[in-house]
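All remarks here apply to the structure that follows.
The values are calculated or read from the model by the stated rules, or taken from the named source; none is laboratory data. Everything numeric in this text was worked out from a predicted model, so none of it was measured. Please note: Cβ atoms are built from the backbone with ideal geometry, for glycine as well, and neighbour counts cover all protein chains shown.
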Amino acid sequence: MTVFRLYNGSIMKEELEKYHKEEHAKRYGTNAEYKKSSFNLGWRIQPKTSTKGRKKYKWGKDSSVHPNNLANPFTKNVPALIDFLETKEPRFLFYTLEDWDMNSKIDLSVESEIISRAVLYWRLMIFTNQYDQNETKKVKYFLKTVSIICEKKFKQNGIKLYSDGIIHSFTNDSFELNLNPFNKIIFIKTYNKFLSEIKTYYRESKSMNQNEKKKYWIKVFSSLIKNFQKKFLKIFDKININKIQDIVIIYFYISHNSLIKDKNISVDFNMFYDLVVNQNILISKEISDISVTLIN
């Protein structure tokens with residue numbers, strides 16, 4: 001049942017035809033022939049994104065595996081994304097990522113969430129064997145393409161993406177920490193993984209005094225982290241050692257530093273702490289146990 005059937009039939013028909021006449025005029029001009037019909041619209045959805053000179057992706061016009069968990073955000077901030085939702089053609093998702101302005105000050109959290117949902121849907125469908133052999137081949141290609149475009153986009157904008165979902169941004173000699181805007185689930189799952197590992201140790205530490213706890217956690221991290229360094233010891237004086245979130249953040253921080261290969265990059269703990277704390281709403285959210293990643 002469509003939402004249109006919830007309205008009075010005659011009123012619905014008039015409003016619907018008025019809307020489509022206006023849309024038809026916008027797309028084809030006021031002199032273009034309009035075929036009057038409430039459900040047979042008389043015109044085909046035309047994308048607003050120019051495809052001239054664009055890369056012709058394999059299966060780019062194939063809408064057979066379009067994710068059905070997406071909704072139109074009614075925004076004009078990212079036209080190619082609207083084209084993806086309306087035409088259901090995956091090429092417009094790729095163009096969305098190609099055109100994405102990483103330095104834009106406009107809040108595109110809704111749009112980035114839609115992209116994440118599309119990727120999550122495809123990964124989930126493959127994981128649960130919902131596609132036949134041909135569909136699986138297409139979707140794997142789509143996911144691979146998304147991965148390649150995102151990786152290239154990050155590099156072009158001076159952004160380094162890490163496997164824990166955190167990115168380093170270098171702009172105008174400034175350094176910032178952020179989350180992967182197209183897939184925050186990676187970060188959430190990494191945090192929850194560390195939380196799960198820490199819980200048992202945390203219960204054991206509850207009966208200890210402050211000095212005992214510090215020594216205890218240093219011993220725990222030395223056993224959990226292969227190259228635990230003394231330079232991390234001073235971090236314990238910056239957090240509340242009685243809070244499990246703070247302990248997890250230390251663990252996360254040390255783990256993240258182990259991923260950094262460039263010795264010239266130093267991540268400030270306070271900056272890292274603020275990033276994680278600001279994600280409390282996301283972290284506490286119920287999420288799927290399906291791992292989603294935009295990197296190989």
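For Ser169, the requirement of being surrounded by fewer than 15 Cβ atoms within 10 Å (Cβ to Cβ) and outside any helix (DSSP H, G or I) is not met.
Filtered by the rule that a residue be loosely packed, with under 11 Cβ neighbours inside 10 Å and in a helix (DSSP H, G or I), region 205-221 gives Gln210, Asn211. Within region 47-66, none of the residues are out of contact with any Gly (no Cβ under 6 Å at 6 or more places or on another chain), modelled with pLDDT under 80, assigned to a loop (DSSP other than H, G, I, E, B) and within 22 Å of Gln156 (Cβ to Cβ).
Among all positions in region 128-135, there is no residue which is buried (at least 18 other Cβ atoms within 10 Å of the Cβ) and not acidic (Asp, Glu). Could you identify the single residue in Phe252, Phe187, Phe182, Phe228 that is part of a loop (DSSP other than H, G, I, E, B) and either under 30 Å from Ile115 (Cα atoms) or charged (D, E, K, R) (or both)? Just a single option satisfies the conditions, and that option is Phe182. The listed residues are Leu224, Leu179, and the only one of them that is at pLDDT below 90, more than 27 Å from Val110 (Cβ to Cβ) and surrounded by 11 or more Cβ atoms within 10 Å (Cβ to Cβ) turns out to be Leu224.
Of all residues assigned to region 197-207, none qualifies as being assigned by TED's automatic domain parsing to the domain that holds Asp237 and touching a Ser or Thr at 6+ places or on another chain (Cβ under 7 Å). Pairs meeting the criteria (first residue in region 260-272 and assigned by TED's automatic domain parsing to the domain that holds Asn240 and closer than 19 Å to Val248 by Cβ, second residue surrounded by 10 or more Cβ atoms within 10 Å (Cβ to Cβ) and basic (Lys, Arg), beta carbons under 8 Å, at least 6 apart or on different chains) are Phe269/Lys238; Asn270/Lys238.
Per the conditions (1) crowded, with 16+ Cβ neighbours inside 10 Å; (2) free of Cβ contacts under 8 Å to residues at least 40 places away in the same chain; (3) more than 30 Å from Asn172 (Cα to Cα), the sole criterion not satisfied by Thr96 is (3).
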